[in-house]
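The values are calculated or read from the model by the stated rules, or taken from the named source; none is laboratory data. The shown structure was predicted, so the numbers you read here are calculated from the model rather than taken from an experiment. Note: ideal-geometry Cβ built from the backbone for every residue, glycine included; neighbour counts use all protein chains shown.
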Amino acid sequence: MSTINKINNLKEIEYITNFNLLGAYIVKNRKAKPNNKALNEMYLALQDIGFYVNNLITEERLYEQSLNEYRADKIRAVERSRRSELKIIELEQKLQKFKKEKSLGL
């Protein structure tokens with residue numbers, strides 16, 4: 001796991017902790033005062049924030065996963081290309097050898 005992933009995980013844990021703490025206070029006070037307009041607005045706003053941040057976190061993880069897969073695909077393609085180039089050199093040398101043997105009548 002990279003340092004960036006560790007930092008992101010710590011930030012997410014801090015966010016979730018703060019979000020849950022704030023949410024618990026709002027829910028508790030909203031139950032005590034169900035007709036309080038400000039508490040109801042805070043509840044809905046916090047809910048929207050939670051959905052939005054969760055979506056951002058999910059998109060970031062999917063982006064990183066896709067990027068890692070693209071990098072791995074590129075590395076595999078480069079390795080295949082290098083192996084193919086070596087095989088071509090080897091086969092060209094064999095072909096030259098066979099041409100030489102044929103010209104000598106062997």
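General remarks:
- For region 1-20, a residue qualifies if it is exposed (fewer than 10 other Cβ atoms within 10 Å of the Cβ) and not polar (S, T, N, Q), and the qualifying residues are MET1, ILE4.
- In region 61-106, residue surrounded by the fewest Cβ atoms within 10 Å (Cβ to Cβ) [restricted to those that are farther than 30 Å from ASN20 by Cβ and among the hydroxyl-bearing types (Ser, Thr, Tyr)]: SER103
- Those residues of region 21-55 which are among the polar types (S, T, N, Q), surrounded by 12 or more Cβ atoms within 10 Å (Cβ to Cβ) and under 30 Å from ASN68 (Cα atoms), in sequence order: ASN54
- The lone criterion from (1) more than 38 Å from the chain's Cα centre (by Cα); (2) part of a helix (DSSP H, G or I) left unmet by LEU106 is number (2).
- As a summary of the residue check, LEU10 satisfies the conditions (1) without any contact (Cβ under 8 Å) to a residue 12 or more places away in the chain; (2) touching a Leu at 6+ places or on another chain (Cβ under 8 Å); (3) of a type in the set (A, V, I, L, M, F, W, C) except for the one numbered (2).
- Close Cβ contacts (under 8 Å, 6 or more residues apart or on different chains) running from residues in region 32-60 that are more than 15 Å from ILE16 (Cβ to Cβ) and free of Cβ contacts under 8 Å to residues at least 60 places away in the same chain to residues that are assigned to a helix (DSSP H, G or I) and β-branched (Val, Ile, Thr) comprise LEU39/ILE26; MET42/ILE26; TYR43/ILE26; TYR43/VAL27.
- Residues located in region 1-29, provided they are at pLDDT 95 or above and of a type in the set (Lys, Arg): LYS28
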